Amino acid sequence: MNKLAAFAITALVLAGCATPSPERQAIDAAAAALGGADRINSLKVLTIQGSGVAPLIGQNRMPDDELPVWKVSEYTRTTDLAQRRTRVRQLREAQFLFAGETVQRQTQGLDGNVAYNVGGDGSATRATDAAARDRRSELLHHPVTAVRAALGSGAMLSNVRTDAGMQLVDITTADGDKVTLGLDAGTHLPASVTSTADNANMGDVTVATTFSDYEDVNGVKLPRHLTTRMDKYVQLDLQVSKNAVDGDAADLAIPEAVKSAPAPTPPAVVVTAEPIDKGIWWLAGSGNHRSIVFEFDDHLVLYEVPLNEARSKAVIDKARTLSAKPLTMAIVSHHHFDHSGGLRVAVAEGLTIVTQRSNEAFFKDLLARKHTIVPDALQKMPREAMFQFVDDQATLKDAAMEVQLYHLIDNPREGTNLIAYLPKQRILVQADLYDSTWLQHPWGDNVLANLARRNLKVDRDVPVHGGVEPFPQMVKTIKAHQAAPGTK
Ligand SMILES: [Zn+2]
């Protein structure tokens, strides 16, 4: 090799070392736009105060309606960047008819890998590992935390690309968390952070936070508007009234009471079967979502596959022990997520889904979704769904059993609700019309009007929520708590 060639090779090697990857260049430009890598790395505490709205997913009146919202009137997030501690305190007020506490004060925290919640009385309890994972991921949904993680020594950067005028870079943090950072092509400021997560109803979802309206705070650019969406649904739209850096974070450490507590595991699913009448069982047990089994001549029908796969599979298994007749149908009372969480496992188990017609597109979409992050029964064993849609009313009847199904009309919260009525036994089977434990019954009038309109003579209420009660007791409770204070 001559001298010139050796020099050329040395120059090439040096150039290779000196030129950062396109990913690194993008992150460096983002850090510079925010105030510089040194400034970002020297920050100790971020405090965000503001207000906004937090829509409630899976609880709208119709599947395509706007979501009901909590108004978040006070919001403060304090994050200790070095210790990886964060805490959100908020006051939220229901802007929709709600049977529980309509004004709630919440405190949720994370210290390292341990999540905790503080109750209204100030007592702290440890939250689940799943909550800790979500909050750890949430922590990266901010320009400073995301860029700082990307600058970290163990971080891996990959797949720089341009999409819709934004430069995107995939980041795997030193702790193994994965996010995609979106940078404004002009200003290089972070415009979004995106990650993936599992949702029991929706399966694989994209959680994306967008940032805008940047301001300068002590040499760091911070956004005054943050919006987090899960797929198309807004989860939190936050207007920041005050961004502050390096404030006090002394009380962010995990509360003493939580330090040594083990992470709570999901409570065991218990399903009991209480005979209500000949060929009718009420499946209760753990939790406050019950199901009802009806025995026909040659098959069984289940009313409600609630919550999630674990609860609904246990309910389906229990129903199958009650008789040698095959379980063939599941009536899904309405589309709210806590009532349709067993839709996919019911289809996987070969049950025909009986539901109100307005749920068709929404349910078909839920059934078509991918559940690869936490594979569920339908993901593992895909199966064609069978449906029986009810418009205004339908009757399931043979010599052994008659169940009438009625669409609940003009209810302000429940647009797709199907109630069941057993004319021989004068039993009402319902979800969300009435629960004896509710604080108030804001749509009680509508419930009684629906029963009158259908001319249903009811002796007993056999509910999804609450206890089995004589009908006169139900009417009395509704009338006593109809206009309770706090009801909107
Ligand atoms: Zn409910």
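The values are calculated or read from the model by the stated rules, or taken from the named source; none is laboratory data. Everything numeric in this text was worked out from a predicted model, so none of it was measured. Cβ placement follows ideal geometry from the backbone for every residue including glycine, while neighbour counts extend to all protein chains displayed. Surface areas here come from the heavy atoms of the whole protein model, side chains and all, with no ligands, DNA or RNA. Shrake-Rupley method; radii C 1.70, N 1.55, O 1.52, S 1.80 Å.
Could you give the C-alpha radius of gyration of the range 398-464 expressed as a fraction of 2.2 N^0.38 Å, taking N as the number of residues it contains?
Compared with the compact-globule rule of thumb, the range 398-464 sits at 1.10.
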Dipole moment magnitude, nearest 20 debye, the range 238-379 about Cα centre, only Lys, Arg, Asp, Glu C-beta charged: 300 debye
Partners for residue 364 among lysines (Cα-Cα distance below 25 Å; same-chain residues under 8 apart left out): 232, 313, 380
Rounded accessible area per residue of the chain, 1.4 Å, Å²: 45 Å²
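In deg cm²/dmol, rounded to 500, what helix-only [θ] at 222 nm does the chain give when every DSSP H run of at least 4 residues adds -39500 (n - 2.57) and the total is split over its residues?
The helix contribution divided over the chain gives -6500 deg cm²/dmol.
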Rounded FRET efficiency, nearest 0.05, which uses the C-beta distance separating residue 42 from residue 177 and R0 of 25 Å: 0.65
Gained length - residue 104 relative to residue 74, 0.36 nm times residue gap less alpha-carbon distance: 9.7 nm
The range 212-312 - convex hull of alpha carbons, volume per residue in Å³: 199 Å³
Zero-based 5 Å bins, Cα pair distances in the range 128-261, whole percents: 2, 9, 16, 21, 20, 17, 10, 4, 1, 0
12 Å cut-off, amide nitrogen to a point 7 angstrom out along residue 439 Cα→Cβ, residues in the range 66-94: 92-94
Modelled FRET efficiency - R0 25 Å, residue 381 with residue 298, Cβ distances, 0.05 increments: 0.45
Compactness of the range 27-181 as Cα Rg over 2.2 N^0.38 Å, two decimals: 1.21
Loop sites in the range 270-337: trypsin sites (Lys or Arg not before Pro), DSSP, at most 14 other Cβ within 10 Å: 278
Kyte-Doolittle at least 1.6, axis length at least 20 Å by Cα - qualifying DSSP helices, the chain: 3-18
The range 189-251 versus the range 413-461: alpha-carbon centroid distance in Å: 42 Å
Full-extension gain in nm, residue 117 to residue 482, via 0.36 nm per residue minus C-alpha separation: 128.2 nm
Over the chain, relative contact order from alpha-carbon pairs under 8 Å, at least 6 apart, %: 12 percent
Those aspartates and glutamates that a straight Cα-Cα span of less than 17 Å connects to residue 424, excepting residues fewer than 8 apart in one chain: 277, 295, 297, 398, 402, 459, 461
Ratio Rg/Rh, restricted to the range 268-362 and using Cα atoms, in which Rh is the Kirkwood radius: 0.94
Alpha carbon Rg of the range 306-444, scaled by the compact-globule rule 2.2 N^0.38 Å: 1.09
Taking the C-alpha atoms of the chain, convex hull volume expressed per residue in Å³: 186 Å³
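What full-extension length gain, to one decimal in nm, is calculated for residue 218 and residue 89 as 0.36 nm per residue of separation minus the Cα-Cα distance?
The residue 218-residue 89 span can extend by a further 44.0 nm.
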Label-point separation, residue 370 to residue 453 (7 Å along Cα→Cβ), nm: 4.2 nm
Cα-only radius of gyration and Dmax that characterise the range 316-380, units Å: 12.5, 36
Cα convex hull of the range 177-246, projected area averaged across orientations, nm²: 6.0 nm²
Label-reachable residues, the range 418-434, where backbone N falls under 19 Å from a point 7 Å from residue 62's Cα toward its Cβ: 418-419
Calculated FRET value between residue 242 and residue 321, using beta carbons and R₀ = 60 Å, to 0.05: 0.55
